[in-house]
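The values are calculated or read from the model by the stated rules, or taken from the named source; none is laboratory data. On a predicted model such as this, the values are computed, not experimentally measured, just so you know. Backbone-built Cβ (ideal geometry, glycine too); neighbour counts: all protein chains shown.
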Amino acid sequence: MSVSKKERWTEEDIVELPSGEHEYFDRKSGKLVGEADFFAKLAKALSAFANSGGGHLFIGVQNDGTLDGVEPCKGRTRTREWLEQVCPNLVEYALEDFRVHEVEPSTPSSIPEGKVVIVIDVADSPRAPHQSQQDKKYYVRLGGRSEPASHRMIEDIRNRTRHPDLEVAVMEIQDFNWDPTGQDLDRLKLTIKVTLRNVSNMKAQNACLVTTVDYGSFGWLPGLTNVVQPRSNTGQQFFWELQHPVYPGMETPFTFLFLAEAQRWSRSAERFFYIVPRSEPAANLDDMRIGWKLFGDGGRAKEGYKTLGEMGFREKSQVVIGGR
């Protein structure tokens, strides 16, 4: 399970949490902040969550869910800001993806007057395993508790996926345009929609799709550069570089053009198909492949292809030209 950081936490969110111990969150009484081993216990919890898919650490919440809170300030600094400063270096490697919240109280509130409740959101870390700097141990979440990790667990964490997983979720013909030349040849212009999806729990900072075709060429549409930027193109091979990150679960659609000349081969007034002109043997354009290769950060590239027929080429063309 991978846990996402939240934009905000409210008292209602805290109260609605299930009772008992859980893998993805841990409650700590506000008294912990004043104890001599506070940093050791905090480092242990941060190490465990970062190594186990992420989680939420509540400070100022007792095991039974009672809100006892913590002092709002540490010296002249807000407790939330102080924790933002101390958390990263309590583990090795330094914690990078986390967020500290001061819980928004309800009206009326069960948080003691003059106190606040703190939540530390820890994301699944691509730099795991993280070791506590306090006792030099690695921790994981087991049975709702932060426990020392075995050697095998540490090796499993080191070998787990460290790169985003992108896929081509959609490749289909969105629009079909043609221009007859008077010689049984049509100049075809197909608008093809592609949707890339991040199916991992890691953000893809940089992504690039390479499309290739044996016949015809690619073109790009005006206004496309706010989504993708064409790079190093040769007509029959196009590099489409995404301009923005693809976050976990996010889909990024864009469109491009496929351009070709093809000969109509009619079997009746209403039924026909396209072939590549001067091709021996005759090549049905339905079988034309658009190959693709997808890159995401430093991960291994994926590749595949889809034929124009699989994208609905014949159905689109019959609707537009049929009965002519």
Checklist entry - Residues in region 163-182: is at least one crowded, with 21+ Cβ neighbours inside 10 Å, in contact with a strand residue (DSSP E or B) (Cβ under 9 Å, 6 or more places away or on another chain) and of a type outside the set (A, V, I, L, M, F, W, C)? => result yes
Item to check | region 58-94: number of residues that are at pLDDT 95 or above and in contact with a Phe, Trp or Tyr (Cβ under 7 Å, 6 or more places away or on another chain) | outcome: 3
Next on the checklist: Just the residues that are surrounded by fewer than 16 Cβ atoms within 10 Å (Cβ to Cβ) and outside any loop (DSSP other than H, G, I, E, B), please, taken from region 68-77.
Outcome noted: Cys73, Thr77
Item to check | Selected residue (criterion: modelled with the lowest pLDDT) from residues of region 163-214 that are closer than 15 Å to Ala262 by Cα and basic (Lys, Arg) | outcome: Arg187
Checklist entry - Across region 281-324, which residue is farthest from Glu241 (Cα to Cα) among those that are modelled with pLDDT under 75 and of a type outside the set (Gly, Ala, Ser)? => result Arg324
Next on the checklist: Is it the case, given these coordinates, that Leu221 is surrounded by 19 or more Cβ atoms within 10 Å (Cβ to Cβ), assigned by TED's automatic domain parsing to the domain that holds Phe258 and aliphatic (A, V, I, L, M)?
Outcome noted: no
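Here is a yes/no grid of residues against (1) surrounded by 21 or more Cβ atoms within 10 Å (Cβ to Cβ); (2) farther than 18 Å from Ser200 by Cα; (3) outside the structural domain of Tyr24 (by TED's automatic domain parsing):
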{"position": "Ser125", "(1), (2), (3)": "yes, no, no"}
{"position": "Lys137", "(1), (2), (3)": "no, yes, no"}
{"position": "Arg141", "(1), (2), (3)": "yes, yes, no"}
{"position": "Ser146", "(1), (2), (3)": "yes, yes, no"}
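Conditions tested, residue by residue: (1) assigned to a helix (DSSP H, G or I); (2) more than 20 Å from Pro18 (Cα to Cα).
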| residue | (1), (2) |
| --- | --- |
| Lys44 | yes, yes |
| Ser47 | yes, yes |
| His56 | no, no |
| Gln85 | yes, yes |
| Thr107 | no, yes |
| Ile111 | no, no |
| Gly114 | no, yes |
Item to check | Members of region 36-62 found to be within 27 Å of Pro129 (Cα to Cα) and more than 29 Å from the chain's Cα centre (by Cα), listed by number | outcome: Ala36, Asp37, Phe38, Phe39, Ala40, Lys41, Ile59
Next on the checklist: For the structure I just gave you, tell me whether Ile154 is assigned by TED's automatic domain parsing to the domain that holds Thr252 and either within 29 Å of the chain's Cα centre (by Cα) or at pLDDT 90 or above (or both).
Outcome noted: no
Item to check | Subset of region 190-232 (residues that are in contact (Cβ under 8 Å) with a residue 60 or more places away in the chain, more than 30 Å from Lys5 (Cα to Cα) and either among the hydroxyl-bearing types (Ser, Thr, Tyr) or not in a strand (DSSP E or B) (or both)) | outcome: Thr191, Thr211, Thr212, Asp214, Tyr215, Gly216
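Only residues that are among the small types (Gly, Ala, Ser) and surrounded by fewer than 20 Cβ atoms within 10 Å (Cβ to Cβ): list them for region 201-218, please.
Of everything in region 201-218, just one residue is among the small types (Gly, Ala, Ser) and surrounded by fewer than 20 Cβ atoms within 10 Å (Cβ to Cβ), namely Ser217.
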